[in-house]
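Following: one structure in structure tokens, then a few remarks.
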Amino acid sequence: MPRTNDADVKRIEKLQKAINKAREVTAPENSLGQWIGYFLDRATHLVLEQALQLKIHAKLQPLDLQPKEGGPLVRLLDDFGDQKQIDHAVFKNKEPRVIIESKWLKDKRHLNDKAAWIRQLEDIVNENAVNKALLVLAGPWEGYRDRMEKRNFGVIIIEVDHVYKTLKSNGIKISIDSTREAYVDPERTLNQLLDVIEARIAAGDRDPVGSIGMSILDHHRSEIERELAIALAGL
């Protein structure tokens, strides 16, 4: 087993604090959705990081993926001059060239809210002269694909059923009440999810959130890498 370094220790300490906090939340349904989003976000970062390392080793122009683990968040100005947080960004010469957003949505009830987010993202791309935006989206996003691609966004969509099937294979069983589009017994399910993460920590997994997330993105990894290559073309 690889030796544990300081970054691993800090990651696990931070994760354990988040787990302890999640055990006491009053709205477990919200926390459950957030943890699924964490899986997606962490895995997206890992796929981007590994793809960029290959390009740097191939002696292309040095590119910098931010935020670094434990480092400051990425914030870019919109057309009103307000700073907006971006999930991931590839910088060249300290300028953002590609921005990447990863979003989890379990049902269609909040899609209209996300439409406003899409327009805002377009403003940020234009305001910062970003080469391209990539969207790694898990959930019922297909109806919005056209409007996103018309804005020249690279779009990767992971179906809800695939997310739940993969989580189940990791020991996390998600049940949905179809009449309410709500999690069944979210408190029990959240604690089951947290138990799985803690069991992975105990077994020596230095990045359990990333490990579970990578299993979700496994079949879409080449698609993300391809879209990133297109976005980086000409940089």
remark   = From the option list Lys106, Lys84, single residue qualifying as of a type in the set (Lys, Arg), within 20 Å of Pro72 (Cα to Cα) and surrounded by 16 or more Cβ atoms within 10 Å (Cβ to Cβ) is Lys84
query = Would you pick out the residues in the range 165-188 that are crowded, with 17+ Cβ neighbours inside 10 Å and more than 17 Å from Pro208 (Cβ to Cβ)?
reply = Ile174, Tyr183, Pro186
request  = May I ask you to verify whether Ser31 is under 20 Å from Leu121 (Cβ atoms) and either among the hydroxyl-bearing types (Ser, Thr, Tyr) or touching a residue at least 40 places away in the same chain (Cβ under 8 Å) (or both)?
outcome  = no
query = For the range 139-165, what are the residues that are assigned to a loop (DSSP other than H, G, I, E, B), within 19 Å of Trp117 (Cα to Cα) and out of contact with any Asp or Glu (no Cβ under 7 Å at 6 or more places or on another chain)?
reply = Gly139, Trp141, Lys150, Asn152, Phe153
Elements of type strands (runs of 3 or more DSSP E) in the range 17-121, at least 1 residues being under 26 Å from Asn191 (Cβ atoms) = 95-104
ask   = Where in the range 166-235 are there helices (runs of 4 or more DSSP H), lying wholly inside it, with at least 3 residues that are of a type in the set (D, E, K, R)?
value = 186-202, 221-232
request  = Give the residues of the range 123-143 that are in contact with a helix residue (DSSP H, G or I) (Cβ under 9 Å, 6 or more places away or on another chain) and under 25 Å from Gln83 (Cβ atoms), sorted by residue number.
outcome  = Val130, Asn131, Lys132, Ala133, Leu134, Leu135, Val136, Leu137
request  = Select, from Val196, Val130, the only residue that is under 25 Å from Asp64 (Cβ atoms), at pLDDT 95 or above and of a type in the set (A, V, I, L, M).
outcome  = Val130
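The values are calculated or read from the model by the stated rules, or taken from the named source; none is laboratory data. Quick caveat: nothing in here was measured; it's all calculated off a predicted structure. Cβ atoms come from the backbone with ideal geometry, glycine included; neighbour counts cover every protein chain shown.
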